[in-house]
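Structure, as structure tokens:
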Amino acid sequence: MDWCLEDPRLDMRAEVCFRALEVAPHLSFPNIFRDPSQQVGFYRFINNPRVDFRDLMAAIESQSLTNTNKKDLVLAIHDTTQVKINHKSELIQEFRKKEGRSFSGFFAHVSLLVTPDAKSSEVFGPCGLTLWTRGEGVKEAPRWFNHAQHVESLRSVKTTVHLMDREGDAYDIIGNLVESDYRFVVRLAHDRLIEDDEAHRLFEFMSTKDIICEREVELTRRTASIFKKAAQINPAREYRTAKLSVTASEVKFKKGSWASKALPSTITVNVIRVFEQNPPEGEKPVQWFLVTSEPITTPAEILTVIDYYRKRWLIEEFFKALKSGCNLEERLLESADAWHNVFVLFLPIAAKLLNLREIGSTPLKGSKIFSPHELAVLKIQSKRTKLPLKTLDDAKMIIARIGGYSKGKWPPGWIVLGRGYDQLRSWAEGYGYASNQNLC
């Protein structure tokens, strides 16, 4: 990767550090950098005042955009995560616990580029990052639209659909998306005031609409949040199939007194209601209100919008890959700058792990997920284990078996996949060395 730092020596060090982290992301830094000189070089690099996480992020964004070069349409998922720093947090002034905060650490708002293809879950990589700690003078709301602007500026003439969860439901955010003529799908959290002769509130208005189509979807397992309010909104649930009904309509939202004066008094959007009429006993019924710029004139167009929004869960899995697959929150670092630099270095690695977990029945031939040496090792393992190797799913099974997977829940967890991929990378490195020495 071309890191484009101000000094070629820093570029070289960035690449060495990144490649080492990529091979074994779940291990501790001393176990990753076993050579004392490499370990010293790593710590010097992440603490170097000339190394800014924004510069590292620019290089990663460039790679993510390269991955989308042949794609006319890309989904940009925007979301925020908390990074909890529990070890030696008292040494980092910026991350100390403050009044009203339940953890030491920082927040990260990430934009993730993914495929819109309903049959695939390919992740192209992160494209946009904002890091901050909560405190006086920090305005958090603008980050949602700012990230949409950032992605649009980098994607130029390419088309992007922006996906946001309930936190993106603000008149200013939706209004700016509409005024900028950006394509978007945002899940609503509030029963909004609307301009209509018969109903003044959105939820009442949408409840009067006829059902246009129905669809069965697989609902993933979900654990309850440790936060009471979040747990009430999204309670724990098990895997199940839900039959969802769909209504849709064009709506005019009214501006509230708190919204920006620069925005018009009303904005015209399309709203889709997705709801479960007959949930199993004891289960909270599924219900989404999606506001979108996308057309809703036919059932096919409406279902396409729903499929777009269902891709939003990928960023939740991306954060799990970052925290579990890369053991991010267990790191021992003593400065905010070092934490920010390490966070950025792990972003493309988490995207790679997520691709490994989510790859499906796509043919292996022509895929860019694995290097030539990794493919060679996979072929050797395929023959040894007598497992097929025609699709990306086949490759995932071999990697999972390398990581210790036996018969059990599928897909395998982050730890198993991480172990398997670590070993695959190690074997691939040895295979490459042997090939160069004409030993294979």
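The values are calculated or read from the model by the stated rules, or taken from the named source; none is laboratory data. Not measured: the values here are computed from a predicted model. Every residue, glycine as well, gets a Cβ built from its backbone with ideal geometry; the counts of neighbours run over all protein chains shown.
Checking every residue in the range 275-291 against the condition of being touching an Asp or Glu at 6+ places or on another chain (Cβ under 6 Å) and part of a loop (DSSP other than H, G, I, E, B) gives at least one match.
State which residue is farthest from Glu15 (Cα to Cα) when the search covers only the range 28-71 and only residues that are among the β-branched types (Val, Ile, Thr) and surrounded by 20 or more Cβ atoms within 10 Å (Cβ to Cβ). Step through it out loud before you land on a result.
Within the range 28-71, the subset among the β-branched types (Val, Ile, Thr) is 32, 40, 46, 51, 60, 66, 68.
Filter once more, keeping what is surrounded by 20 or more Cβ atoms within 10 Å (Cβ to Cβ): 46, 51, 60, 68.
Numbers: Ile46: 12, Val51: 13, Ile60: 12, Thr68: 22 Å.
Among those residues, the one meeting the criterion is Thr68.
Within the range 82-95, can you find the residues that are over 30 Å from Val305 (Cβ atoms) and at pLDDT 65 or above?
Applying the first criterion (over 30 Å from Val305 (Cβ atoms)) to the range 82-95 yields 83-95.
Result: Val83, Lys84, Ile85, Asn86, Ile92, Gln93, Glu94, Phe95.
Scanning the range 257-275 for residues that are small (Gly, Ala, Ser) and over 31 Å from the mean Cα position of the chain (by Cα) gives Ser257, Ala262, Ser265.
Among the residues of the range 151-175, those that are closer than 17 Å to Thr266 by Cβ, within 23 Å of the chain's Cα centre (by Cα) and not in a loop (DSSP other than H, G, I, E, B) comprise Ile173, Ile174.
So which residues in the range 203-226 are modelled with pLDDT of 85 or more, within 25 Å of Lys311 (Cα to Cα) and outside any strand (DSSP E or B)?
Within the range 203-226, the first condition is being modelled with pLDDT of 85 or more, and the residues that meet it are 203-215.
Subset that is within 25 Å of Lys311 (Cα to Cα): 203, 206, 211-215.
Hits for the range 203-226 are Phe203, Met206, Ile211, Ile212.
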